[in-house]
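Below is one structure; the comments refer to it alone.
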Amino acid sequence: MSNVNDPQAASRSEVRQWLVEHRPADWRDAATHEAFVASQRNWFAKLVDAGYAIPHWPAQWPGGGRSLAEQKVLYEELASADAPRLLLSFVSTYHAFATLHECGNDNQKARYLPRILEGETWCQGFSEPGAGSDLAAVRCRAERKGDVYVINGQKVWSTMAQYADRCLLLARTSTESAKQAGLTYFLMDMKAPGVTVRPIHQIQGDEEFAEIFLDNVEIPVSERVGEEGQGWAVAQATLSSERGLTLMELGYRMRGALSRVADLINTVARHDDEGVLRDFGALTGQVEAVCALADQFLENRMNGLEQIGDASVVKNAYSRALRAYSALGVRLGGMAAQYRTPITYGDLNSGNWMADFMNSYAWTIAGGSEEVQRNIIAERMLGMPREPKNWVLA
Amino acid sequence: MMISREELRDSARKGLGSDGLMPPADQSWERLVEMGWFAMAVPEDHGGLGLGPEALAAVHIELGRALVPGPAIAQMLAIDVLCSVPDFAARDELLGAAIGGQRLGLSLALHQAGTLTCVPDADQASQMLVLGPDRIALADIASASQNATWDETRRLFDVEIAGQTVIANGADAHDAYIRALSRLLLALSADAVGGADAVLDMSIEYLKTRRQFDRPLALFQALKHRVADMKIAVVAAEALLWSRTGDAVSLHDLAALKALATTSFCRVAEEAVQLHGGIGLTVEHPCHRFLKRAYLNAALGGDADHWNGFAGRVALGQQKSN
Ligand SMILES: Cc1cc2nc3c(=O)[nH]c(=O)nc-3n(C[C@H](O)[C@H](O)[C@H](O)COP(=O)(O)OP(=O)(O)OC[C@H]3O[C@@H](n4cnc5c(N)ncnc54)[C@H](O)[C@@H]3O)c2cc1C
């Protein structure tokens, strides 16, 4: 990867040098969730200071306004240096930022965006027990009473909600109109009376997401994003950041993390095994294709050429490559991959291949499942007829 | 000279598209000559257009999309080799004739020991280039016998050669050889992307029009999802292709591309036959032509196992040295 022809050589070596000095070496040793969260906060603050935390924000923010080429180098280097991903601030720096930036009013932007850099974290309160893939079926109620909305209902699968200061909340203000038209978007204080959060135990041993119970929670009208009934449109801004913008970081991180597979191949002495080399070569091609797709996607988006379904293509290509990456790790890891580690928060570099493999399901299910993306591609990109709305059992 | 990817694509489509799928070989060969495509990658000081790999890719995509028959890949490679070896007496004459459409043979097989195999249209060529990692020769074709492939858009021959003149040795030959190999991988990958895209479009159209159970087949989600996966494979292969058309691209970058693009074309063409049902198994329907071209593309110039293994070995070495 280091190459005399690399036009980003200067910024690459700058990041590399910084990482040598500042990368937390012990982040995998966190034995409790609290310790993990503390190390995440610490790492985020360091990256903010260095101007590496929010390269995708506009230039008015310190560390923002970086070119796509610089961003790629940064993500790749972070992964090769084995730095932890910013799981705790993922929703605040992508989802909350995109939503506020595109749909928030000036007051909301001025209040919340700077606080994100100071470490305030957000969670996303969209999904409910009855509203998963069918997000528009959200039932959580928001009733206007004077200057406040009163919220009652339940949210689920909300990533890091147990540590979040604020929540991007999608709730129902009307049951009269079409499903989508009755939704409204709010910025909710997670410390407000009536908010209860219960972490959910996941298959890889973590408690990455949580349930949120809302019992007569009051949200001031000033915390509404957009007008009443425009929640669906605002939610699209949130989701499109999840399906598009994040994928460049993830793609280039995966590219950087190929070195983990290479290390593993050497460690288990399979470097002359032709079958393993082929699978590694094929994986390299698959990951490179994801990076090329993400590049193309962002370039089109910046030039106003993005088309419906483009983000779905990138997301599915990524989630498949991630599955293949972690599956190869599990296969090569043999028994070593089968031993449990207590806490593995870490996405594609937790240090435990089986945990990474289980984590890869996050990307085939969350943010619109693989099947839902296929529907979008087939129906909205390729013009195949849409599923009839009404159905009866034959 | 700067011509955008879109301009190239449009002019290629205009030139070839009007002839439909699998146009007659002679007719499309004449078009390729008329449109000056064999001069496309030739440097300007040799009388060419001096266009780079991106232009080549754009043209090969269209050749694949329309299943254009003929030895275009071999011809373009031979021309490229003539331009990249040191000057020799007959070079300009040979080059001019080849640009004008006179067939110059070249093997599309990866390993070229003993009998030369996979030489397209060798019966119509009197000479061929014999490429090796440290030796490039110009040879007379003594005899050529066709070894018919399932893919009827290519005619491949086993060739016996007579006299040979070495035109490059050592480092010169090596550079030209690696360059030719890289371009072969790029051309086959682009052909695969074009073919995959076309057969996918055809399948979508078919599913939208064919009705069973009182509804278009396209309404069945089991089929939509397969089509969506085909689309993802094609778009990913194409994105990777365009990211590999720069000037500083090395052989192992193209190795992974060749494996990925030709494998994707195979998968997409297989699905296309299945999605067409019985009609997909008839010779009247073009589906099978894509399937056969896909598999031939996968086999020519080294298969996916070979190139994935190569890419894996290089990537492993690179990670170590970092
Ligand atoms: C790791 C993780 C983190 C998450 N974080 C958040 C978060 O922070 N905030 C938040 O609001 N939500 C979050 N989610 C929730 C996520 O958005 C939902 O899980 C997702 O939308 C799927 O909904 P569901 O789980 O109810 O599954 P279901 O919708 O019940 O789907 C079950 C299965 O049916 C398939 N299916 C559903 N509909 C169709 C269809 N029309 N056609 C074909 N197949 C279909 C699905 O693909 C899936 O395979 C997270 C989920 C995960 C896994």
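The values are calculated or read from the model by the stated rules, or taken from the named source; none is laboratory data. The structure displayed is predicted, hence computed values, not measured ones. Glycine gets a Cβ as well: all are built from the backbone with ideal geometry, and neighbour counts include every protein chain shown. Side chains are part of the model used for accessible areas, which takes the heavy atoms of the whole protein and leaves out ligands, DNA and RNA. Shrake-Rupley method; radii C 1.70, N 1.55, O 1.52, S 1.80 Å.
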Query raised in the report: Which residues, taken from the range B:164-178, are open to solvent by less than 70 Å² (accessible area, probe 1.4 Å) and in contact with a strand residue (DSSP E or B) (Cβ under 9 Å, 6 or more places away or on another chain)?
Result: B:V166, B:I167, B:A168, B:G170, B:A173, B:A176, B:Y177
Query raised in the report: Does the range B:97-106 contain any residue that is open to solvent by 10 Å² or more (accessible area, probe 1.4 Å), closer than 15 Å to B:A125 by Cα, part of a helix (DSSP H, G or I) and not basic (K, R)?
Result: yes
Query raised in the report: Between a first residue in the range A:353-373 that is hydrophobic (A, V, I, L, M, F, W, C) and a second residue that is within 6 Å of the ligand (Cβ to nearest atom), which pairs have beta carbons less than 7 Å apart while being 6 or more apart in sequence or on different chains?
Result: A:V372/A:S133
Query raised in the report: What do you reckon, is A:S326 in contact (Cβ under 8 Å) with a residue 12 or more places away in the chain, away from the ligand (no atom under 13 Å from the Cβ) and under 21 Å from the mean Cα position of the chain (by Cα)?
Result: yes
Requested in this report: For the range B:208-223, indicate whether the set of residues that are more than 8 Å from every other protein chain (Cβ to nearest Cβ) and touching an Asp or Glu at 6+ places or on another chain (Cβ under 7 Å) is non-empty.
Outcome: no
Report task. Any chance you could count how many residues in the range B:266-303 are over 20 Å from B:L223 (Cβ atoms), within 14 Å of chain A (Cβ to nearest Cβ) and buried (at least 20 other Cβ atoms within 10 Å of the Cβ)? Result -> 2
Requested in this report: Quickly run through the range A:340-361 and pick out the residues that are open to solvent by 40 Å² or more (accessible area, probe 1.4 Å) and hydrophobic (A, V, I, L, M, F, W, C).
Outcome: A:M354, A:F357, A:M358
Report task. Quick one: which helices (runs of 4 or more DSSP H) lie wholly within the range A:1-84 and hold at least 1 residues that are at pLDDT 90 or above, open to solvent by 70 Å² or more (accessible area, probe 1.4 Å) and over 20 Å from A:T344 (Cβ atoms)? Result -> A:9-22, A:33-50
**Report entry** When residues of the range A:173-185 are limited to those that are open to solvent by 30 Å² or more (accessible area, probe 1.4 Å) and in a helix (DSSP H, G or I), the one farthest from the ligand (Cβ to nearest atom)
**Finding:** A:A181
Report summary line: Given the conditions (1) surrounded by 18 or more Cβ atoms within 10 Å (Cβ to Cβ); (2) under 23 Å from the mean Cα position of the chain (by Cα); (3) modelled with pLDDT under 90, every one holds for A:A337 apart from (2)
Query raised in the report: In the range A:103-172, which strands (runs of 3 or more DSSP E) lie fully inside it and hold 2 or more residues that are open to solvent by less than 30 Å² (accessible area, probe 1.4 Å)?
Result: A:122-125, A:148-159, A:166-172
Query - Matching residues, the range A:267-278, being in a helix (DSSP H, G or I) and facing chain B (nearest Cβ under 7 Å) - result: A:E274, A:L277, A:R278
Report task. Can you tell me which residue within the range A:129-158, out of those that are within 21 Å of A:I203 (Cβ to Cβ) and in contact with a Cys (Cβ under 7 Å, 6 or more places away or on another chain), is farthest from the ligand (Cβ to nearest atom)? Result -> A:K155
Query raised in the report: Any chance the range A:219-227 includes a residue that's surrounded by fewer than 16 Cβ atoms within 10 Å (Cβ to Cβ), out of contact with any Lys or Arg (no Cβ under 7 Å at 6 or more places or on another chain) and not in a helix (DSSP H, G or I)?
Result: yes
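Residue-by-condition table, conditions (1) in contact (Cβ under 8 Å) with a residue 12 or more places away in the chain; (2) assigned to a helix (DSSP H, G or I):
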site: B:H111; (1), (2): no, no
site: B:C118; (1), (2): yes, no
site: B:A137; (1), (2): yes, no
site: B:D140; (1), (2): yes, no
site: B:I161; (1), (2): yes, no
site: B:V166; (1), (2): yes, no
site: B:H174; (1), (2): yes, yes
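What number of residues within the range A:333-370 are part of a helix (DSSP H, G or I) and touching a helix residue (DSSP H, G or I) at 6+ places or on another chain (Cβ under 7 Å)?
Number satisfying all stated conditions: 10.
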Query raised in the report: Given the residues A:I365, A:I308, which is the only one that is more than 20 Å from A:G285 (Cβ to Cβ), open to solvent by 10 Å² or more (accessible area, probe 1.4 Å) and more than 13 Å from the ligand (Cβ to nearest atom)?
Result: A:I308
Report task. Go through the residues of the range A:136-144 one by one and say whether even a single one is more than 16 Å from A:G226 (Cα to Cα) and within 17 Å of the chain's Cα centre (by Cα). Result -> no
